[in-house]
1. For residue 196, what is the net charge nearby, where nearby means another residue's Cβ is under 10 Å from its Cβ and Lys, Arg count +1, Asp, Glu -1?
2. Output ³J(HN,Hα) for segment 38-55: one whole-Hz value per residue in order, computed from phi by the Karplus curve 6.51 cos²θ - 1.76 cosθ + 1.60 with θ = phi - 60°, and x for Gly and Pro.
3. Got a sec to turn the phi values of segment 219-233 into Karplus ³J(HN,Hα) couplings, 6.51 cos²θ - 1.76 cosθ + 1.60 with θ = phi - 60°, whole Hz, x for Gly and Pro?
4. What shape does segment 43-134 have by the C-alpha gyration tensor, where a ≥ b ≥ c are the square roots of the eigenvalues, rounded means a/c under 1.5, and otherwise prolate means a/b greater than b/c and oblate the rest?
5. Accessible area per residue of segment 2-260 at 1.4 Å probe, in Å²?
6. Within 15 Å, Cβ to Cβ, of residue 62, how many net charges do the neighbouring residues add up to if Lys/Arg are +1 and Asp/Glu are -1?
7. Sort 33-45, 153-165 for me by packing, meaning the mean count of neighbouring Cβ atoms within 10 Å per residue, highest on top.
8. Quick check on segment 76-225: take the gyration tensor over C-alpha atoms, sort the square-rooted eigenvalues as a ≥ b ≥ c, and tell me if it's rounded (a/c under 1.5), prolate or oblate.
Amino acid sequence: MRVLIKQDENKIAQWTANYLIKKINDFNPTIKKPFVLGLPTGSSPIATYKELIRRNKIGDISFKHIITFNMDEYIGIPENHPQSYHSFMYEKLFNHIDIPSENINILKGNASNLEKECIEYEKKILKYGGIDIFLGGIGMDGHIAFNEPGSSLTSRTSIKILCYDTIQANSRFFENDAHQVPSAALTVGVGTIMDAREVLVIVSGYKKARALKEVVEGAVNHMWPASMLQMHPKCILVCDEPSTLEFQVKTVKYFKDIERISTDGSPQ
Ligand code: GLP
């Protein structure tokens, strides 16, 4: 696991967008060999999405041959609900880039058969040869996608009941009313994320500091599902300074020293 400590959200966004653009351009995607990108919602990736949009507009990156798979979607709200993850993704990214709509995959939280929807999603990821890079965020309780504390660390795409902390945290998007937040969601599993060839996770703000400490310094533990990323061969956590405030001093020093030495930009 590589932990990058950036000054603030803007620096995170610039680094993450640069990294993705380089990886995608080096891959040189074509219609026959598309690049497969996993994407998150939430506030963490918004600045990165803005930067990707800007870079798309100036021609640094094209999304024409990129296939996207989103991490999760609420169950029980319409796709056109302003807080659905469908709406979020179109508003924050897809409406502003050159991605063909048929390349976009988002779980359908209103599918008549939700279990089948999950199985088909996994099959579709496999059909494209797996995910090249999964971009993600983590919750304050250490969840990844909607894999809440106590989730199996080898889980596949499935239906999840959201825990109170997540409902409370996400109520900020639902007029601060926890009752309006859906109580369940469809989500890729921890195992689905672990199968990606690379995982990039954005962590920002002091409110994530406890989770980040557990994920990086703690043991692999299902009560902090994102801690499973310690087992991933190519995972980068891109953090801002405030999110690292609960780290031991030696952890910060260790990762900063590695970055000073590292020249090839590859995960350690
Ligand atoms: C949400 C989403 C996750 C997201 C996380 C963090 O509930 N299901 O995919 O990564 O919580 O959200 P934020 O970036 O807004 O802190």
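The values are calculated or read from the model by the stated rules, or taken from the named source; none is laboratory data. These numbers were taken from a predicted model, which means no experiment stands behind them. Positions of Cβ are backbone-derived with ideal geometry, glycine not excepted, and every protein chain shown enters the neighbour counts. These area figures cover heavy atoms from the full protein model, side chains too; ligands, DNA and RNA do not enter into them. Shrake-Rupley method; radii C 1.70, N 1.55, O 1.52, S 1.80 Å.
1. Local charge sum for residue 196: -1.
2. Going residue by residue, I get x, 10, x, 10, x, 6, 4, x, 4, 5, 5, 4, 4, 5, 5, 4, 4, 6 Hz, with x marking Gly and Pro.
3. The phi angles translate into 7, 5, 8, 5, 6, 10, x, 5, 5, 4, 4, 4, 8, 7, x Hz.
4. oblate
5. Heavy-atom SASA per residue in segment 2-260 reads 45 Å².
6. It works out to a net charge of +4.
7. So the peptides 33-45, 153-165, ranked by packing, come out 33-45, 153-165.
8. rounded
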